[in-house]
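Read-outs: derived from the displayed coordinates by stated rules, not from any lab. Being a predicted model, the structure only gives us computed values, none of them experimental. Virtual Cβ from ideal backbone geometry, glycine too; neighbours counted across all protein chains shown.
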Amino acid sequence: MKTVVFGPNDKLYDKGTGIFYDVINSDIEYHCFFPESREFQRNLARIFSNKATKFLPCFLIKKLAYKVLKYEFLRTCKKDDEILFVFSMFKMEDEPYFYNFMRLLKGYYKNAKYVYYSFDIASTWHQLTPEYVKANFDLVLTFDRSDAEKYGFTFYEGIYAGVNMDDKRIPKDKTFSDVMFVGADKGKFPILFEIFKYLSDKGKVCDFRLVSVEKQTEEDLLKNYETEAYGKGFRVKYKNSYFTVNDYCPYYNKTLPIIWGAKCMLDVPLGSQNGSTIRLQEAVTYHKKLITNLKEIADKPYYVPDNFLIFDKVEDIDVNFIDKPYAKNDYDFSPLKMIEYAKNKVFNIEK
């Protein structure tokens, strides 16, 4: 049975550098549906946004699509073959040709099954609706238990393959710190900066990097703290720590070395989120301790008390936790396990 995975345009989710790392050594066909190449995007739009192609038979559109896109399954898979299509992408509804692409697949591959794995909670989706997803996919997986209960999705713990540190492409210059955080603001700046100052006052070295910070927040920091230009943004120097603002931190070249060089990670999920986060999965995968306000992790299969500090208030954070040894934890978030689970479920395969 053929399996085809479509992932998002982000190094974090690329099969060679992040969540889908272990897919690269499997027989699964993987594609980044929204690649950075403008030529590739134009080709997609030319096929799946062109009004003329809507009137062509599916087999002709399929031939045209293979000629331009070179998706191997379009050449090798016959219309009666059983195929598992897994879509794990951000903001796919923003691309007008996505819907036409789905129509092509469903119009030609009659025995295929379609799985959607959501990396985001449904409240952050744009034009995409839970109703559309449920109607067009045979299985919808989510890491968020609240979304599963609310929309009738299937709860799945999360996926993250991790990156082999021996990979020769990975930068070896680790950025050392006691506690690290890399992420987008999303309204979390106040608590992140409060934690940053609290840990720094306790003598810990923090490396926090936040993007999408609002202009007013930038101005307040520049006015009230010692700062210096850094990359495309700036950073606040406080005690022995740095809080970097609005400097792009590519996952492959910067974020991974920051994670690997840290003793401990910080995770402060959105208030409505109720499930495994990428940072949590990174911490487990790379054997890092984690400070978080997500209480639900105490009931998770990967929870080891010595490795997680769950807090209600910032002053509850015991900095001694950071320096204690990491306890062994072999939990595996491999996407290959998720794909196998989805395959068995949608094709009713008995184990």
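Table for the structure above
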| item | result |
| --- | --- |
| Residue count, the stretch 194-222 (criterion: surrounded by 20 or more Cβ atoms within 10 Å (Cβ to Cβ) and touching a residue at least 40 places away in the same chain (Cβ under 8 Å)) | 8 |
| Helices (runs of 4 or more DSSP H) enclosed by the stretch 258-351 - at least 2 residues per element that are in contact (Cβ under 8 Å) with a residue 60 or more places away in the chain and over 21 Å from residue 174 (Cα atoms) | 335-346 |
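Conditions tested, residue by residue: (1) closer than 29 Å to residue 329 by Cβ; (2) of a type in the set (A, V, I, L, M); (3) touching a helix residue (DSSP H, G or I) at 6+ places or on another chain (Cβ under 7 Å).
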{"site": "192", "(1), (2), (3)": "yes, yes, no"}
{"site": "211", "(1), (2), (3)": "no, yes, no"}
{"site": "219", "(1), (2), (3)": "no, no, no"}
{"site": "224", "(1), (2), (3)": "no, no, no"}
{"site": "235", "(1), (2), (3)": "no, no, no"}
{"site": "249", "(1), (2), (3)": "yes, no, yes"}
{"site": "277", "(1), (2), (3)": "yes, no, no"}
